[in-house]
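Down below is the structure, laid out as structure tokens.
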There are 2 protein chains.
Amino acid sequence: LKSICDIDGVYTQGASAGIYEKKSRLDMACIYVPDCRASAGVFTRNKFRAACVDYTENLTKSGKVFKAVIINAGNANAATGPEGKDNVIKTVQRAADKLGISPQEVAVASTGVIGKQLPMDKILKGLDQLLAEPKTQEPQQAAEAILTLDTKVKLAHEQAGKLIVSGFAKGAGMIAPNMATMLGFIVTNADIPSKSLRVKLQSAVEKSFNMVSVDTDTSTNDMVLILSTGTESIEGKEQEFSQLLEKTCVSLARQIAADGEGASKLIEAHVSGARSESEARIVAKNVIDSPLVKTAMHGSDPNWGRIMMAIGKSPDIRFLPSGVDVTLAKQLVFKQGEPTEFNRQELSEKLKSETVRIEVNLNSGAFEATSWGCDLSKTYIDINTEYN
Amino acid sequence: LKSICDIDGVYTQGASAGIYEKKSRLDMACIYVPDCRASAGVFTRNKFRAACVDYTENLTKSGKVFKAVIINAGNANAATGPEGKDNVIKTVQRAADKLGISPQEVAVASTGVIGKQLPMDKILKGLDQLLAEPKTQEPQQAAEAILTLDTKVKLAHEQAGKLIVSGFAKGAGMIAPNMATMLGFIVTNADIPSKSLRVKLQSAVEKSFNMVSVDTDTSTNDMVLILSTGTESIEGKEQEFSQLLEKTCVSLARQIAADGEGASKLIEAHVSGARSESEARIVAKNVIDSPLVKTAMHGSDPNWGRIMMAIGKSPDIRFLPSGVDVTLAKQLVFKQGEPTEFNRQELSEKLKSETVRIEVNLNSGAFEATSWGCDLSKTYIDINTEYN
């Protein structure tokens, strides 16, 4: 399987620090790019963002290029006050010491339960273990170590000639669009300055991670980071690079939606004919966010009336209800403002597939957007009724 | 039990029209106030609002006072195109004929499945039955007839001297704030012109029905209507009338939240110390809307970190995370930006009650708001996986 280690000079691995009290598993990971030439990130806008989010965002704003990323699962280090901030500094300091680099070259990301202090003895011992041989290439380990309630590792790899964009991500619950919406780590060999990288990452995130929702809850810890080794020129290939980056992000975003807590299927909503891109995005998100659409899809119930409710949810979107077409799993169910005749039994069978696509044409403009979500099942309730 | 029929000249009853194919139940209701002096309504802002919503809102805008309201359950008459509009006209016409009043004195409300045409033969026969003796007082029948997946009738009655505000409502799923969010019918004897009544109703709705959410889904059919017999002067008692009206609406709103689909408890979120009322409202709604808060409350899990996530969800709200206090079921769990020490087991026991109150002080201003929601259980999934 292709991974970020297919890019020269990129190292990654995982370790078991014992952050989860009840089970033994990989729970820390690092990415190490000794000759990193550019880096950037996008971060959650939740007001109770974790201490590591503040720290890493400030790092990217300072213009410093980070060469290492330290990630832990099992504890979000969010809503932890001044002690939480100190713990980030301690983590960064120890990692920098072990790697022989400046503390300002170390980014930190955390995910897990909110409101508990990091177990710093375990974190520091975990770091010693993790960074004992930093030039190790174990991408599968790292992709596994960052997971929480995910059931699958999430990898994406795009390549055009020698130009590579590769990444991995985590996310299953508390997934809702706002800037970044999970943890994602991407590495490229494109030769591009950090500032441009930031712009391109932001644009790719808008069309991928920010169009995913599992449960409308925006995490305190989301971030997507990108690092570049800068060995491949992208002169005349800027567009191509942007496309590789967007494809990588969309692939990871789809994997997150498909692995949503308790999900049995991916729901993809495509909205066209909108008066603006932002209106297309709002309608597409309303469709995948609706608990009533999600439960109907879970039951493979062709109850398309709920899709109409969701399309109409935001009153300020500019379209005429009488002009709308809706297709559910390739079956036209609503045409020019009126119900169509169709075989419910056949459509119900089609809805039993792993991916259900909903197409909405507002017939009011030239803009479109795609969103990704999942069905809502009893397993979501089971998982979240007693998380601790 | 007190009801709208405690106001002189107010009649209401229910009938079984057979709209539900699989069960025999009351499914149509009327309210008849022959000497109605003022009337008003607020209506869903969903773009796919039902034909009856358009019709009844136009009626209120025309300045006409309606004397009768015809309500059916089992079919929303939404997303039904021109045929749906015709069916409203036919309903109004027949009701007006039976009552010997003008069609412009008849309001219509519907609730039920979206995207199916009304069974007009049944509706018209139901009307004949319902209006055979229009001066009947069976408030319990009417309150029952308008229910869909509700498990309880919802009545509220407020009185100060001879001044009465009384109403009933329905709503269990597809409940989310935007203007009105369910069906609610209120009658008063206050002597007040329709225009002022509209303003006061809007204001009461903002603080009651618009602060309720079961599942964030905004219905196509929501409306709250008020009718007044105008026999009681409110000179010098305007404030008192407003309070009675708000109390009635809040009572009905709380009953809707407590009877949310699959709900086992009411969640009440009170936000104070906000910089504006609208910011207090947004934060209060974010707390009760969060599926992760709802599932934690379902499991009586004192996982207050999720409340922090929900408080922080909307990035533009003006407050400092380091100044926030949060109290869950009277236990202070977060004080001035830091976790407190408390007995988890004791708090978990407290969370098993029928009502859980969450108090958030943003400590940034003088505004406050209260919202009402419910927990999220597997029964919600059961109910909504196969609604049809």
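The values are calculated or read from the model by the stated rules, or taken from the named source; none is laboratory data. Keep in mind the model is a prediction, meaning the values are calculated, not measured. Reconstructed Cβ throughout: ideal geometry from the backbone, glycine too, with neighbour counts over all protein chains shown. All accessible areas refer to the heavy atoms of the entire protein, side chains included, with ligands and DNA or RNA removed. Shrake-Rupley method; radii C 1.70, N 1.55, O 1.52, S 1.80 Å.
The residues of the range B:22-111 present an accessible area of 35 Å² per residue when probed at 1.4 Å with all protein chains retained. Around the Cα centre of chain A, unit charges on the Cβ atoms of Lys, Arg, Asp and Glu (plus for the first two, minus for the last two) sum to a dipole of about 380 debye. A Cβ-based charge dipole, computed about the Cα centre of the range B:10-138 with Lys and Arg at +1 and Asp and Glu at -1, lands at about 300 debye. Helix content alone sets the calculated 222 nm mean residue ellipticity of chain B: runs of n ≥ 4 DSSP H residues at -39500 (n - 2.57) each, divided across all residues, give -10000 deg cm²/dmol. Averaged over peptide A:331-339, the number of partner chain Cβ atoms lying within 10 Å of each residue's Cβ comes to 3. Label the range A:1-55 by shape, choosing from rounded, prolate and oblate, from the square roots a ≥ b ≥ c of the eigenvalues of the Cα gyration tensor; if a/c is under 1.5 it is rounded, and otherwise prolate applies when a/b is larger than b/c, oblate when it is not. Oblate, because a/c is 1.5 or more while a/b does not exceed b/c.
A crude spin-label estimate for the pair B:D8 and A:K61, with each label 7 Å from Cα along the Cβ direction, gives 6.9 nm. Taking the range A:46-62 and a reference point 7 angstrom along Cα→Cβ of A:I89, the backbone N atoms nearer than 13 Å belong to A:55. In the protein assembly as shown, a dipole from Cβ-located charges (positive for Lys and Arg, negative for Asp and Glu) runs towards its positive end, and of B:G299, B:P119, B:A366 it is B:A366 whose Cα lies farthest in that direction.
Cross-link partners of A:K116 among lysines, defined as those whose alpha carbon lies under 22 angstrom from its own and excluding same-chain residues fewer than eight positions apart: A:K22, A:K23, A:K47, A:K85, A:K90, A:K125, A:K170, B:K294, B:K313, B:K330, B:K335, B:K350.
Farthest towards the positive end of the charge dipole of the range B:267-388, among the residues B:G323, B:H270, B:V333, is the Cα of B:G323, using unit charges on the Cβ of Lys, Arg, Asp and Glu.
Of the residues A:P103, A:A29, A:Y55, the one whose Cα sits farthest toward the positive end of the charge dipole of the range A:15-165, with +1 on the Cβ of Lys and Arg and -1 on the Cβ of Asp and Glu, is A:Y55. Taking a ≥ b ≥ c as the square roots of the eigenvalues of the alpha-carbon gyration tensor, the protein assembly as shown is classed prolate because a/c is 1.5 or more and a/b outweighs b/c.
Summarising the label geometry, the points placed 7 Å from Cα in the beta-carbon direction at B:V199 and A:E338 lie 4.4 nm from one another.
The alpha carbon radius of gyration of chain B, expressed as a multiple of 2.2 N^0.38 Å, is 1.01. Between A and B, roughly 4900 Å² of accessible area is buried in total, ligands, DNA and RNA not counted and the probe set to 1.4 Å. Taking label positions 7 Å along the Cα-Cβ direction at both A:D316 and A:K162, the computed distance is 5.0 nm, reported to one decimal.
Contact residues in the range B:49-90 (at least 40 Å² less accessible area with all protein chains than alone, 1.4 Å probe): B:A79.
A Förster distance of 51 Å, applied to the separation of the beta-carbon atoms of B:Q129 and A:Q239, puts the FRET efficiency at 0.15. Using only side-chain charges placed at the Cβ, +1 for Lys and Arg and -1 for Asp and Glu, the dipole size of the protein assembly as shown relative to its Cα centre rounds to 300 debye. Measuring nothing but alpha carbons in the range B:303-363 and taking Rh as the Kirkwood radius, the Rg to Rh ratio lands at 0.98. Overall, the anisotropy analysis places the range B:1-134 in the oblate class: the square-rooted eigenvalues a ≥ b ≥ c of its C-alpha gyration tensor yield a/c not less than 1.5, with a/b not exceeding b/c. Here the range A:79-191 is described by how far its Cα atoms reach on the three principal axes: 46, 36, 24 Å, from widest to narrowest. With R₀ fixed at 45 Å, the C-beta to C-beta distance from A:S276 to B:E349 puts the FRET efficiency at about 0.30.
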